[in-house]
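In what follows, a single structure is set out as structure tokens and then discussed.
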Amino acid sequence: MALKFSDEALALTRNIIKRYPEGKQKSALIPLLHVAQAEFGGWLSPEAMDYVASLLNILPVEVYEVATFYSMFNMKPVGKCVLEVCRTGPCWLLGAEDIVKFLEKKLGIKVGETTPDGMFTLKTVECLAACGTAPVMQVGETYHENLTSGKLEKILNEYRQNTKEPISHFAKKHYKSGQP
């Protein structure tokens with residue numbers, strides 16, 4: 001069965017596309033990829049990217065080029081909580097490497113892997129623009145700053161106990177409200 005957006009996501013998509021001048025609908029690509037990722041389980045399968053291409057009337061390769069460039073798009077299934085640890089200079093100098101090692105040991109996975117229970121995926125990403133509070137990790141829309149192993153223990157427990165919203169609903173929150 002071919003992938004298809006829900007009625008709500010399709011209406012949102014149409015509204016996003018209408019924001020761009022006629023003939024410039026490709027400009028809606030990144031917002032539509034956010035919608036697709038939220039709609040299809042937190043990642044972009046080739047079928048999901050092909051579907052986005054069909055909505056914008058562009059070639060699938062144009063979608064693949066953009067989706068694979070940005071770390072915010074997941075190209076394989078991910079856990080309920082995607083732990084994105086900044087790996088750029090300031091964070092690395094202030095302990096991001098130790099944060100990654102701690103998470104790998106604590107969760108029993110390596111960067112790019114997902115825990116067997118499907119709860120956590122560990123990624124390293126480029127600058128999260130929180131250099132003054134390094135090391136930093138993003139989970140969905142939430143930043144966790146000035147990280148230590150003690151803070152990480154608490155953060156992981158909160159996500160396990162569902163006391164924090166783990167998955168970003170970026171597309172629905174922002175694009176629906178008219179924000180870019």
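Looking only at residues that are crowded, with 18+ Cβ neighbours inside 10 Å and over 19 Å from the mean Cα position of the chain (by Cα) in the range 77-93, which one is nearest to residue 159 (Cα to Cα)?
First, pick out the residues of the range 77-93 that are crowded, with 18+ Cβ neighbours inside 10 Å: 78-87, 91-92.
Narrowing further to those that are over 19 Å from the mean Cα position of the chain (by Cα): 91-92.
Details: 91: 23, 92: 24 Å.
Ranking the qualifying residues of the range 77-93, first place goes to 91.
From the list 106, 123, exactly one residue is touching a residue at least 12 places away in the same chain (Cβ under 8 Å), charged (D, E, K, R) and not in a helix (DSSP H, G or I). Which is it?
Details: 106 fails: not in a helix (DSSP H, G or I).
Checking each option against the conditions leaves just 123.
If you check 145, 65, which single one turns out to be without any contact (Cβ under 8 Å) to a residue 24 or more places away in the chain, on the phi < 0 side of the Ramachandran plot and assigned by TED's automatic domain parsing to the domain that holds residue 33?
Working: 145 fails: assigned by TED's automatic domain parsing to the domain that holds residue 33.
Checking each option against the conditions leaves just 65.
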**Matching residues, the range 65-87, being farther than 17 Å from residue 113 by Cα and in a loop (DSSP other than H, G, I, E, B)** = 70
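The values are calculated or read from the model by the stated rules, or taken from the named source; none is laboratory data. Because the structure is a prediction, the values reported are computed rather than measured. Cβ sites come from the backbone with ideal geometry, for glycine too, and all protein chains shown count toward neighbours.
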